[in-house]
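Data first, discussion second: the structure below is written as structure tokens.
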Amino acid sequence: MFFCAVFMAMSVTAWYRGSAAIPLSGEEIITQIRSLAYLYKNNSTLVLNTYLRYQGAPFSDANFSFPHWFEDGLPTAALGYKPWRCLCPGDRLLQGKEAFAAMSEFFQLVRDDQMTLNPAASELHRSLEIAQRSSEALFSNLSDALIILGYQTSFSQPEPLSWTSTDVSTFKRKVRGYVLCREYRDWLMRVQKDMDILRTTRNRRESAAQNRKDCC
């Protein structure tokens, strides 16, 4: 069910991008992003739990948590309520785009880590691969949304990961994967709520210039 549901969601995006039909409207792209984030979010806890189960103690211990560890180059979804609520619509989309761009590359690194650490864990490898593809799908949709909705924002390409990232201890590699899976789950939750705010904003304002007035 997990893998089937994710591939069904990805096929919606693939159909849109490969089609020469009428482009999506602003409302449609917001709805599509929200639907994808909702579907992926429902499975993101499974991705995280599957990852932890294969890492051994202390990661596989009940109620494991490592909340204060962040990974350089991986944007965190954590943001105070007021700063989040006061984001301008274009910035809201751009931050999500940058996050999923970075996560796609990190998922490849973590997949490579786990091929070394848990080479026989096919369930884990499938889970991470699908999470990577899901990140790429959301990155693509968020990129399209910025264009469709007419927001002029500069995209900061994430710093490319270096081969030196592979030269870390086993513990740090396990922590890196944990932080990635945690942020993947949290970003999906945030993007879903971002789309709710963006829809409300668009209902109040008709142009990107007017939308700026909704920023605090």
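A few remarks follow.
- The length gained on full extension between residue 91 and residue 152, counted as 0.36 nm times the residue separation minus their Cα-Cα distance, comes to 21.0 nm.
- Extension gain from residue 122 to residue 200, taking 0.36 nm per residue of separation minus the Cα-Cα distance: 23.9 nm
- Distant-in-sequence amide H partners of residue 151 (H built 1.01 Å from N, under 5 Å): none
- With the simple spin-label model, which puts each label point 7 Å out from Cα in the Cβ direction, the residue 38 to residue 129 separation comes to 2.9 nm.
- Options 54, 89, 73, ranked by Cα towards positive dipole end of the stretch 47-104, top entry (Cβ charges): 89
- Between residue 112 and residue 62, the simple spin-label model (points 7 angstrom out along Cα→Cβ) gives 3.8 nm.
- Counting only residues at least eight positions apart within a chain, or on another chain, the lysines with an alpha carbon under 22 Å from that of residue 97 are 41, 82, 193.
- Estimated FRET transfer efficiency when R0 is 25 angstrom, pair residue 31-residue 189 (beta carbons, to 0.05): 0.90
Values quoted throughout were computed directly from the atomic coordinates according to the rules given, and no laboratory measurement underlies them. The shown structure was predicted, so the numbers you read here are calculated from the model rather than taken from an experiment. Backbone-built Cβ (ideal geometry, glycine too); neighbour counts: all protein chains shown.
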